[in-house]
1. With a 1.4 Å probe and all protein chains kept in place, how do LEU37, LEU336, LEU62 rank by accessible area, largest first?
2. Provide the solvent-accessible area of LEU72, counting protein heavy atoms only and rolling a 1.4 Å probe, rounded to the nearest 10 Å².
3. Whole-Hz Karplus ³J(HN,Hα) for segment 54-64, in order, using 6.51 cos²θ - 1.76 cosθ + 1.60 and θ = phi - 60°, x for Gly and Pro?
4. Could you go through segment 247-257 in sequence order and give the Karplus-derived ³J(HN,Hα) for each residue, using 6.51 cos²θ - 1.76 cosθ + 1.60 with θ = phi - 60°, rounded to whole Hz, and x for Gly and Pro?
5. Need the C-alpha centroid separation for segment 303-348 versus segment 37-76, integer Å.
6. For a quick check of understanding: with a 1.4 angstrom probe and all protein chains in place, what accessible area in square angstrom does THR124 have, to the nearest ten?
7. Taking θ as phi - 60°, what are the ³J(HN,Hα) couplings along segment 16-23 by the Karplus curve (6.51, -1.76, 1.60), each to the nearest whole Hz, with x for Gly and Pro?
8. Sort SER418, SER304 by accessible area with a 1.4 Å probe, largest first.
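The values are calculated or read from the model by the stated rules, or taken from the named source; none is laboratory data. Keep in mind that this is a model prediction, so the values were computed, not measured. Every residue, glycine among them, receives a Cβ derived from its backbone with ideal geometry; neighbour counts consider all protein chains shown. Ligands, DNA and RNA are excluded from the accessible area calculation, which covers all protein heavy atoms including side chains. Shrake-Rupley method; radii C 1.70, N 1.55, O 1.52, S 1.80 Å.
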Amino acid sequence: MAIYYMYLVRDFDYWSKQGIVGPKPIPIFGNFLETFLVPLHETELKWHQRYGKVYGHFMGKLPILNIADPELIKAILVRDFHQFHDRTKLWLSNNNIMVRNVHQLTGDDWKRVRSIVTPVFTATKLRQMEPRVRDCLRDVCDHLLDDCARSGRTIDTFAVFAKYSMDVIASSVFATKINAYESSGERENPFVTNARLMFNGAPLKELATVVLPRVVQKWLRLSQTTASMFFIRCVRHMISVRRQTPTHKYNDFIQLLMEAERADTCPPRDEYDVNDAHHMNEGEEELAVDQKAFDIRVADKQLSEDEVVAQAILFLLAGYVATAAALAYSTYELALNPHIQQRLYDEIMEASADGEPTYDRLAALPYMDAVLSETLRRYSPAVPLARVALVDYKLGDTGVTIKAGQQIEIPMYAIQHSPHFYPN
């Protein structure tokens, strides 16, 4: 028994040998049980406050270095991004299709698919989706008027915005009108039902990916769910129909992905991109980093069918809950702060003086951007952000060298709620 215990804990001095502090791990689980039993964001904040800006912990037996220093984070995610573009080593998808998405691919496969997919999200391409989003917006406004304003009933804003989010995704990604608000219970639209099922049981799957050997995970096919197969079949069917009718043009992301080709240089920017918040800070340094990160020459400039399916499902996973949560928390905060609500309303009405505001005008509204950014700071939709070092990397002047293959994590919630960075 003593020998077996020593085997289980033999690598738990990994961080202490490097002079890096962190929470004490326990056999088999490492520090995962603490993040499993207590909300992850609370655990992250506690660790950051106790151990500082650089500390280590274990997910099972996997050592992970946490970095909560903005300058070090900028170096990793901007200046030296080409050395950290791979994501996490921990979570394993056993669905061969899903591992083809840009979030899970690594190395040259990631570079190729990322270079093909990125131009799909230029402002010009996104603007093509605006009519679809506006139609969905009218539907949710009508629903809110019927169920809340006229009836006087209390509503669950997250549930409403989850349906709105799925409505937008179904329309703009899958070119499908689902009428999300017209059914419930057994008559609920299968898009809504299966999207919700994809997120049920997630904590247990996370626990299994930490505790069980990968060969067992593959045997159990943890990621092969009925819900995920529903969306995979949907996308495959759409691709098949479109190949049979090539003259018919569809205005959605699946069509854009089917038609996308990789540029020979870093993803292009068009004249409208200057108004997009995620491009506002891109100067020569950032564009040079893009060029270096995408420095690869490949013969195949198109996505395979599996890769189109994987990206479409990723849009669903990344956008469904995150969008619904951002909208629900935004409306919650606006209700608590009527002076902010009024100021935002005035800005939107000014932009709407001569009719519905355009995509570009909405993208350039400073107070709206501030409200959404502050909501996302306070209620971060993703914790934490993980990367894997491709080479040995000296971490600033900390004296720490991140070994090639080492996973690092950026505890976003902890940073965004740290009194050191946000005293007010």
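1. Final ranking, largest accessible area leading: LEU37, LEU336, LEU62.
2. The value for LEU72 is about 20 Å².
3. 9, 8, x, 9, 10, 10, x, 9, 7, x, 10
4. Here the 3J(HN,Hα) series is 7, 8, 9, 10, 10, 8, 5, 4, 5, 4, 5 Hz.
5. For segment 303-348 versus segment 37-76, the Cα centre distance is 26 Å.
6. 50
7. 5, 5, 9, x, 9, 7, x, x
8. The residues order as SER304, SER418, largest area first.
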